[in-house]
């Protein structure tokens, strides 16, 4: 049996996230996150996606390319357990795997075929911009959704634990964008899940966090259970 295989990249995901920090830890947690999956040649043919428009959701198999080449560990610290308890890497969805492959169910909003190629409009994604895609399969509820399945240490969805407020400056910056309404909803949903690393403990109101989102750096801070959006800073002036 072969112990080495090569796979073609059949597409790329174009998402709002320019780096892995801040990305929802599971697909579907923030349904407002919209992205496109661009099929690459020679797979960008309309016949390759014929019939896919009849499905509401798809499986996307992809590569964690930003962690590719990093050393894997047999145990990891899942954020769901506060980053304080280790479990086996195969009992987690950590990107630091022997083969850094991810698998996500996302909503299929539209199949777009044109003279320039094929794109899938998707939402509820948990993938960074530029993610290489290895395969696409339709989600079939009667076999893929199991009502009696057990979920180990993650039996229920994470709670919306932060109350999100937007500063006057950030509100003004949002009002100046054509996508302000959608973006405002996205930011609130994203920060409500508290995307800070699991090892960050307690309230640190003086600490400013930054998430690369679209063409700006979303700066925010947390005090207690309140998250405040400070500003939408231009990327070229954002702190590293």
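Kindly put 67, 225 in sequence by how many other C-beta atoms sit within 10 Å of each C-beta, fewest to most.
On the way: 67 15, 225 10.
The most exposed by this proxy come first: 225, 67.
Which number do you get for Rg(Cα) / (2.2 N^0.38 Å) in segment 107-238?
Numbers: Rg = 18.4 Å, N = 132, 2.2 N^0.38 = 14.1 Å.
Normalised by 2.2 N^0.38 Å, the Cα Rg of segment 107-238 equals 1.31.
Per q in 0.07, 0.08, 0.10 1/Å, what log10 I(q)/I(0) does a Debye calculation on the alpha-carbon atoms of the chain return?
For the chain, the Cα-only Debye profile gives -0.26, -0.34, -0.54.
Given segment 163-237 reduced to its alpha-carbon atoms as identical point scatterers, what log10 I(q)/I(0) does the Debye formula return at q = 0.25 Å⁻¹?
-1.28
Based on other C-beta atoms within 10 Å, arrange 184, 45 from fewest to most.
45, 184
With an 8 Å cut-off on Cα pairs and a minimum separation of 6 or more residues, tell me the relative contact order of the chain in percent.
Numbers: 434 pairs, mean separation 60.8, N = 240.
Averaging sequence separation for qualifying contacts and normalising by length gives 25 percent for the chain.
With a 10 Å radius around each residue's Cβ, average the other Cβ atoms per peptide and rank 127-134, 54-61, highest first.
On the way: 127-134: 19.9, 54-61: 16.8.
Listed from highest to lowest mean packing, they are 127-134, 54-61.
Hey, fewest Cβ within 10 Å first, where do 163, 6 land in order?
Values: 163 13, 6 4.
In order of increasing Cβ crowding within 10 Å: 6, 163.
Give the Rg (one decimal place) followed by the Dmax (whole number) of segment 11-144, computed from C-alpha coordinates and expressed in Å.
15.6, 51
Coordinate-derived values only; no laboratory data. Remember, it's a predicted structure, so these values are computed and weren't measured experimentally. Heads up, the Cβs are rebuilt from the backbone with ideal geometry, glycines too, and the neighbour counts pull from every protein chain shown.
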